[in-house]
Amino acid sequence: MDLKLYRALFLLLALISGTVSAQYQPSKEDVLEMINRANTYWQQNNKAEVRAFWDHAAYHTGNMEAYNVTKNETYRKYSEDWARHNQWMGAKSTDKSNWKYKYGETDEYVLFGDWQICFQTYVDLYHLKPEEYKIARAKEVMEYEMATPNNDYWWWADGLYMVMPVMTKLYKVTGDQKYLDKLYEYFMYANSIMYDKKEKLYYRDAKYVYPKHKTINGKKDFWARGDGWVFAGLAKVLKDLPQTDPHRDEYLTKYLKMARAIVKSQQAEGYWTRSILDPQHAPGPETSGTAFFTYGLLWGINNGYLKEKKYLPAVHQAWKYLTKTALQPNGKLGYVQPIGEKAIPGQVVDVNSTANFGVGAFLLAGSEMYRYLSNK
């Protein structure tokens, strides 16, 4: 080949490669703009004074991460207004003899994980300005729970995100070893009823274990948001768990195996479908599961647990979907599957489908993307 022609082709390929890379890797400024666009839209359209149940609380876990990278005091105040409105409590019953932990949205379900995720944000706010009243109820509830002989508190996948990080956060505050002992005990129970050893993924709960439950095509049905909860929860646990914890390898191994399974099931467009291993069961994009996976993968890259060369392409594709398709110019985040517990064939999830927990997941992913770019 003529040398001039060879050089021209080489330069052309380099330019094409650079253009492709530029499409997939945003700047820190781009990411900050997207975080602020999504969060400002949410806060301007939704009041802070709402109950402390899981969906609102999941948003606040993302809002606090957004505050950590932006230092926008409006974000901190929004979470503090929410915490104050809820008296720094989850479910508010004071009659311990009546505390319950199966599914329930009323005040006696104090031991139900969906009423405990709020404690994550209360602890985060406590660290910004340590005042005991902010975490007094969290400690009261969790200490009571850990004093019971029961170990079956986390009977659904979502619960692993809701409460596992509460245990590690409160351990860091108190130094009480019981938080880590019970974390492991409850986690192993959850694994015994929901974890698929072959696929390295979690069923949403015992009702969905194969072959008792199947997709419309007869396949195993792993719900994207459910596995997103677990994967993000494991990342949060590993972040706060002492390196010397005797069970650290258990959490890390589950996390690493999930990461491999997750990237294998990503769609070419960057998202994950609602039923991870059967895209035809409920086809089309879904934002909340995709955002939780993006957060978990980026956290692993940022902290040296996942190899950038292997996992970053999946992250870039997912981020492209989240910011080019899901995030709208006005800041609304679309394609979030509504509250539920499974992938539903025929359910409409479109550009107008948004939800607090989906925005929270996006803020987690965006904050971790900002940290990735800051490390470069």
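Read-outs throughout are calculated quantities, based only on the coordinates presented, and are distinct from any laboratory measurement. The model shown is predicted, which means the values in this text are computed figures rather than measured ones. No Cβ is skipped: glycine too gets one built from the backbone with ideal geometry, and neighbour counts run over all protein chains shown.
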Residues in region 60-80 reached by a label modelled at residue 374 [backbone nitrogen below 18 Å; 7 Å Cα→Cβ]: 61-77
Give, rounded to the nearest 20 debye, the magnitude of the charge dipole that the chain has about its Cα centre when Lys and Arg contribute +1 at Cβ and Asp and Glu contribute -1 at Cβ. 1060 debye
Return the single residue from 297, 128, 180 with maximal mean-square fluctuation; model: Gaussian network over the chain, springs between Cα atoms under 10 Å. 128
Give me, ordered by chain and number, the residues 5 or more places off residue 201 or on other chains with an amide H under 5 Å from its own placed amide H. 196
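Can you tell me the length gained on complete extension of the stretch residue 102 to residue 176, counting 0.36 nm per residue apart and subtracting the Cα distance?
Result: 24.0 nm gained on full extension.
Take peptides 141-150, 113-122 and line them up by average Cβ neighbours within 10 Å, highest first, as a rough protection proxy. Present the calculation step by step, with values, prior to reporting the outcome.
Values: 141-150: 14.7, 113-122: 26.8.
Put in order of decreasing packing, that is 113-122, 141-150.
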Answer with one residue from 113, 142, 31: the one whose Cα lies farthest towards the positive end of the charge dipole of the chain, charges on Cβ with Lys, Arg +1 and Asp, Glu -1. 31
Orientation-averaged projected area, Cα convex hull of region 284-376 (nm²): 6.4 nm²
Treating the angle as unsigned and between 0 and 90°, give the value, to the nearest 10°, between the Cα long axis of helix 356-375 and the longest Cα principal axis of the chain. 60 degrees
With equal scatterers on the alpha carbons only and no solvent term, can you work out the Debye log10 of I(q)/I(0) for region 41-179 at 0.22 1/Å? -1.47
Cα point-scatterer Debye curve for region 29-375, base-10 log of I(q)/I(0) at q = 0.11, 0.14, 0.16 Å⁻¹: -0.67, -1.14, -1.54
Helical contribution to [θ] at 222 nm, DSSP H n ≥ 4, -39,500 (n - 2.57), averaged over the chain, rounded to 500: -19000 deg cm²/dmol
Can you tell me the relative contact order of the chain? Whole percent, Cα pairs under 8 Å, sequence separation 6 or more. 19 percent
Looking at region 142-221 from every direction and averaging, what is the projected area of its Cα convex hull in nm²? 5.8 nm²
Pop out the Kirkwood hydrodynamic radius of region 215-367 from its pairwise C-alpha distances, inverse of mean 1/r, in Å to one decimal. 15.6 Å
Once the in-chain neighbours fewer than 8 apart are removed, the aspartates and glutamates whose Cα is under 20 Å from residue 310 read 199, 269, 368
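If R0 is 30 Å, what FRET efficiency do you get for residue 196 and residue 248 from their C-beta distance, rounded to 0.05? Walk me through the numbers before you get to the answer.
On the way: r = 22 Å, r/R0 = 0.75.
Rounded to the nearest 0.05, the efficiency is 0.85.
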Protection proxy (average C-beta count within 10 Å per residue), highest first, orders 197-208, 95-106 as 197-208, 95-106
Mean Cβ neighbour count within 10 Å, used as a protection proxy, ranking 244-257, 80-93, 215-228 highest first: 215-228, 80-93, 244-257
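Full extension from residue 40 to residue 213: what is 0.36 nm times the residue separation minus their Cα-Cα distance, to one decimal in nm?
Details: separation 173, 0.36 × 173 = 62.28 nm, distance 4.06 nm.
Taking 0.36 nm per residue and subtracting the Cα distance, the gain is 58.2 nm.
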Mind computing the radius of gyration and Dmax over the alpha-carbon atoms of region 109-160? Å is fine for both. 12.0, 34
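Given the convex hull of the Cα atoms of region 205-299, what is a quarter of its surface area in nm²?
Working: hull surface 26.0 nm².
Seen from a random direction, the Cα hull of region 205-299 projects 6.5 nm² on average.
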Residue among 195, 290, 304 farthest towards the positive dipole end of region 163-319, charges placed on Cβ: 195
Distance from the Cα centre of region 38-77 to that of region 306-359, in angstrom? 18 Å
